[in-house]
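Throughout, read-outs are computed from the coordinates displayed, never taken from laboratory work. On a predicted model such as this, the values are computed, not experimentally measured, just so you know. As a convention, Cβ positions derive from the backbone with ideal geometry for all residues, glycine included, and neighbour counts pool all protein chains shown.
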Amino acid sequence: MKRRFKILQVLVVLGGIFMLSCTDNFVEINRNSNAIDINKNYPDKLLANAIEGIADRVFDVWLGHEIGSCWVQHMAKVQYTDEDRYVPRNDVINMVWNELYAGPGIEVQRIYEIGDSLGNKNYKGVALVLKSYIFSVLTDIYGDIPYSQAFKVDSTYTPSYDQQESIYLDIIASLKIANDSLLSSSSSKIAGDILFDGDITLWKRFANSLRLRLLMRMSNKSDYQDYIRQEIDQMIANPAVYPLISDNSQNAALIYLGSYPNNNPLNETYKTRDDHRVSKTLIDAMYNPNKHEHPDWRIVVYAETPAAGGFWIGLPNGLTSAKAAVYLGNGIRRTSKLGEYFRKPDAPGMFISSAEVNFLLAEATFRGLLTVATQTAQGYYEQGIGESYRQFAQEIVENVPIYYDEYQGVARSIDDYINDFLAHDGAWETGKELEKIYNQKWVAMFDQGLQAWFEWRRTGYPLLTPAVDGLNDGRIPQRLRYPSDEYARNGVKLSEAIERQGPDNLNTRVWWDVADN
C-alpha cells in the first residue's frame, strides 16, 4: 500500500492571487519545523500531496456528491436539501475555486518547474497531465477561467480569463506533448506517485484517455469535426505510441488508505451524516420490481435496500426538507442509502475508467469521429458495460445471493451477470444507439458526480426531469456561478469574461455545451 504525505500548502488565493506578507521575525517564530518548504526540491512530497488534493476536492461531499451527483440524479438529499434544489452555497463555490488553484494547482506548477531544473522529463510530464486534469475540471465547472496567466504570481496580480475554446485546445495539445516528448519509461524515475506507483506507461494511458474525453466533450462543435476525427484516429491507429486505458487494472483511480486524513472523503462524511439517498431516477433505471429477476446487477453495489425493508427504493430529487422527511411515510427509513462499497475508507476516487473510455469510443465510432476503430460501436458499448461490471465483480458475485434466494449456493461468475444484463436491459437497440451509449455511460459513471454531470450537459441523456421543488426556473444547472471572492479580487477581468460568456448564473452554457437540455 502506498504511503500518503501531507504538506503545508502555500497560502495563496488565485483569481487575483496574493500571498500573505509578514515580518522576518514573525515568519521565523511561526515556521513549522515539520513542514515541507515548497521552494526546495521535494517533487515527491509535492506530487503525493497534489494527487490526493485533487481527489479530495473533486470527490468530496460538497462538490462531487451534493452538486455533481445530485444534479445528474445519481444521488438525492433527504435532509438539508438546498443543493439538491439547485442552491449551492457561496462558500463551497469559493472553496472549489480557491483550493484547486491554490492547492494542487500551484503544486503541480512547482513540480513542473522542479522537473525542468532537475532535467527530469517524467516529473514535467506527470505535472502537465495533472495540470490538464485540474484545468479541465475548472473550465467545465465555470466556463472561461484564468489559465495562461494563472500562476504568474505577485501581490497585485489580476490574471485575465481565457476563453474555454482556447483552454481546451491548449490542454489537448499539452496532453499530446506529455505523451510524445516528456513521459518515457526509459527516462529518470519519479517518486511520490500514489496514483500509479511510478508506472510511466499508466501515466501515458491517463494522458491519452483524458485527451479522448476532452475531444469528445467538444464534439458537438461543428467547426471542429475534422480536427477531432484526426486527433482520435491518430491515437487509435497508433496504440503503441498513444496507449489508452483498456482494462480496469489501468484505471486512473486513487486508492485511499484506511484512516483519516487519508481515507475517502465520503467515508469521513458518513461517519456523522445520513442526509443522502440514491436518486429515484437511478434506482428506477436499474431496478424495476415488475422485472425483479433481471435487474441491472450493479444495483447490489450502488445502493442498499431501505432500513424499513423491501427492495431498492430511490428518493426523488429536489424535494423540500419537509417533503423528503415524510416521503413514503419516512424518507430516511424507506429509501436506499449509498452502497457500502462507496462508503469504505479505501474506496477509490475515479479520475477516468476503462468503462468510460469504451463508451467514448463507441460514440466516436457510431458518429464517424473514429474511422480506424478496432471494434464496432456495439462492440465498444458492450465492452464498456463489461468493464463497468468487472470493476465491481467481487461485490456483485457476493451480494446478489444476499438479495436473491435462488442464487444462494449457485456458482455464478461475473460474466454470467454481464451476459444476463446484455440480453435484457443492456441489449443494443437499432435506432437508439446513442441513447443506449449515453445512458449506460451515465450508469457506469456512478460516484463520479462532476464528470457525469458534465457529460449529461453535453449529451442530454438520460432524459432527466428537473428537481421537484427546484429553485432554478425549472432547469437543471449548466454551470456554477463564479466565486464571490473573484468579484472583490479580480472584478475587472471577471466582468470582461461575463460580458463575453453570458450572465453569471447557473443556466449560461459553456462553450462546448450547444445542446438544449
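Overview of values
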item: The range 102-154: C-alpha gyration tensor shape, a/c 1.5 cut-off, then a/b vs b/c; result: prolate
item: Normalised contact order of the range 423-487, rounded percent, pairs of Cα under 8 Å and 6 or more residues apart; result: 22 percent
item: Using alpha carbons only: equivalent-ellipsoid semi-axes of the range 133-215, gyration tensor based, whole Å; result: 27, 16, 11
item: Between helix 43-58 and the chain: long-axis angle, C-alpha atoms, 0 to 90°, nearest 10; result: 40 degrees
item: The range 155-225 and the range 297-346: distance between their alpha carbon centers, rounded to Å; result: 37 Å
item: Ordering of 41-48, 164-171 by burial proxy (mean other Cβ atoms within 10 Å per residue, highest first); result: 41-48, 164-171
item: Span from the the range 391-443 Cα centroid across to the the range 448-517 one, whole angstrom; result: 34 Å
item: Sites Asn41 and Ser188, calculated FRET efficiency, Cβ-Cβ separation with R0 22 Å, nearest 0.05; result: 0.95
item: Debye, to nearest 20: dipole size of the range 113-269, +1 on Lys, Arg Cβ, -1 on Asp, Glu Cβ; result: 260 debye
item: Mean Cα-pair separation over length for the chain, i.e. relative contact order, pairs under 8 Å, 6 or more apart, %; result: 21 percent
item: Spacing of the two label points (7 Å from each Cα toward its C-beta) at Arg89 and Arg273, in nm; result: 0.8 nm
item: The range 425-507 shape via C-alpha gyration tensor axes, a/c threshold 1.5; result: prolate
item: Degrees between helix 200-217 axis and first principal axis of the chain (Cα, 0 to 90, nearest 10); result: 70 degrees
item: Shape category assigned to the range 93-242 from the gyration tensor of Cα positions, a/c cut at 1.5; result: oblate
item: The range 427-517: GluC sites (Glu not before Pro) in DSSP loop, at most 12 other beta carbons within 10 Å; result: Glu429
item: Unsatisfied cross-links (Cα-Cα over 23 Å) in the set Lys131/Lys189; Lys77/Lys280; Lys271/Lys291; result: Lys271/Lys291
item: Modelled FRET efficiency - R0 60 Å, Val372 with Phe311, Cβ distances, 0.05 increments; result: 0.85
item: Dipole magnitude of the chain, debye to nearest 20 (Cβ charges: Lys/Arg +1, Asp/Glu -1, about Cα centre); result: 520 debye
item: Simple Cβ-charge dipole of the range 312-420, Lys/Arg +1 and Asp/Glu -1, about Cα centre, in debye nearest 20; result: 660 debye
item: Calculated FRET efficiency for the pair Ser160/Asp415, C-beta based, R₀ 35 Å, to 0.05; result: 0.05
item: DSSP beta bridge pairing in the chain, given as percent antiparallel to the nearest 5; result: 90 percent
